[in-house]
Amino acid sequence: MIETIDLRKEFKHLEVLKGISMKVEKGEVVVIIGPSGSGKSTFLRCLNKLEETDGGEIIFEGKPLVTDKYSINQLRQKMGMVFQQFNLFPHMTVLRNITLAPVKLKKISERDANKIAEDLLAKVGLSDKRNAYPAQLSGGQKQRVAIARALAMSPDVMLFDEPTSALDPEMVGEVLQVMKKLAEDGMTMVVVTHEMGFAREVADKVVFIDDGQIIEEGSPEQVFLSPQNERTKQFLSKVI
Ligand code: ADP
Ligand code: MG
């Protein structure tokens, strides 16, 4: 579904991605781990064109991304993204947050969009919050709304950038639970997270990135139980 080939990105003269080659198959959950500043967010942002790339290729569903085969809008509709900081529209109700993009970008009727939103709110366990405003929600609830909002566009893949890092510990579980269900339903997911339990349980593949490069990748068992690289071992000894 996604393939990057020797992907490169620099900011000014700082090389942030030094040739990342990665494949994400349909239905696969790929978890990216790595130290702060290693380029994980930049990598995700390149995937959905929030950043321009400086070299290499991204193939999405068989078509190169860097050419004009995809408009930004088409691409963003096919790739849902969830950020650390929820990014909900504060002046809109939960329901409106979810229906806005489908109505505006997909030209779905208000009525159909509301129906989709209600179904998604049920799925993330927030049906009773449909008319609430973001400020009235807990962090965990906000993040579940953000997930529902991304899903409302029926994306082919979901990108998560540290979705639980801004949450109080007691709210992490409810968000991971929603993500786990999504994975079980067959969603293709790329997840940057420090939640090693989630990675072990849900990931098909774990990728360790350090200093803009893939240092090691494999099944959760391979990476967590018998890491081959010294840097992976060091990182894991700090986070587990
Ligand atoms: P991670 O998500 O792994 O913590 P990032 O992808 O956010 O890492 O950042 C990788 C490096 O790129 C860091 O050194 C960061 O300071 C730098 N960086 C990220 N975004 C920008 C930007 N817009 N301008 C300049 N430097 C940036
Ligand atoms: Mg980051």
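The values are calculated or read from the model by the stated rules, or taken from the named source; none is laboratory data. None of these values were measured; they are calculated from a predicted model. Neighbour counts are summed over all protein chains in view; Cβ atoms, including those assigned to glycine, are modelled from backbone coordinates with ideal geometry. Protein only, heavy atoms only, side chains kept; ligands, DNA and RNA dropped before computing areas. Shrake-Rupley method; radii C 1.70, N 1.55, O 1.52, S 1.80 Å.
The angle between the Cα long axis of helix 110-123 and the longest principal axis of the Cα atoms of the chain comes to about 60 degrees, rounded to the nearest 10. Measuring with a 1.4 angstrom probe and ignoring ligands and nucleic acids, residue 225 comes out at about 140 Å² accessible.
Among the listed pairs 180/233; 12/142; 123/205, a Cα-Cα separation exceeding 32 Å is found for 12/142. Label-to-label distance for residue 138 and residue 115 is 3.3 nm, based on points extended 7 Å past Cα in the beta-carbon direction.
Residues considered: 98, 108, 147. Largest GNM mean-square fluctuation over the chain, using C-alpha springs under 10 Å, is found at 108.
Expressed in Å, the radius of gyration and Dmax of the Cα atoms of the chain are 17.8, 55. Set the Förster distance to 30 Å, then compute FRET efficiency between residue 103 and residue 66 from the Cβ-Cβ distance, nearest 0.05. After rounding to 0.05, the efficiency reads 0.50.
If the segment from residue 181 to residue 84 were pulled out straight at 0.36 nm per residue, it would be longer than the present Cα-Cα gap by 33.0 nm. A full extension of the chain between residue 225 and residue 18 corresponds to an added length of 71.8 nm, given 0.36 nm per residue minus the alpha carbon distance. Axis angle, to the nearest 10 degrees, between helix 94-105 and the longest C-alpha principal axis of the chain: 80 degrees.
The helix-only estimate of mean residue ellipticity at 222 nm for the chain, built from DSSP H runs of length n ≥ 4 each weighted as -39500 (n - 2.57), is -11000 deg cm²/dmol after division by the residue total. In the frame of its principal axes, segment 107-240 has Cα extents of 54, 29, 25 Å, reported largest first.
Computed over segment 66-108, the percent of Cα pairs more than 18 Å apart is 40. Angle of helix 169-184 to the longest C-alpha principal axis of the chain, folded into 0 to 90 degrees and rounded to 10: 90°.
Whole percent per 10 Å bin, from 0 to the bin with the longest distance: what is P(r) over all C-alpha pairs of segment 159-234? Computed distribution, short to long bins: 17, 49, 30, 4.
Please state the relative contact order of segment 66-185 as a whole percent: Cα pairs under 8 Å, 6+ residues apart? In percent, rounded to a whole number, it is 39.
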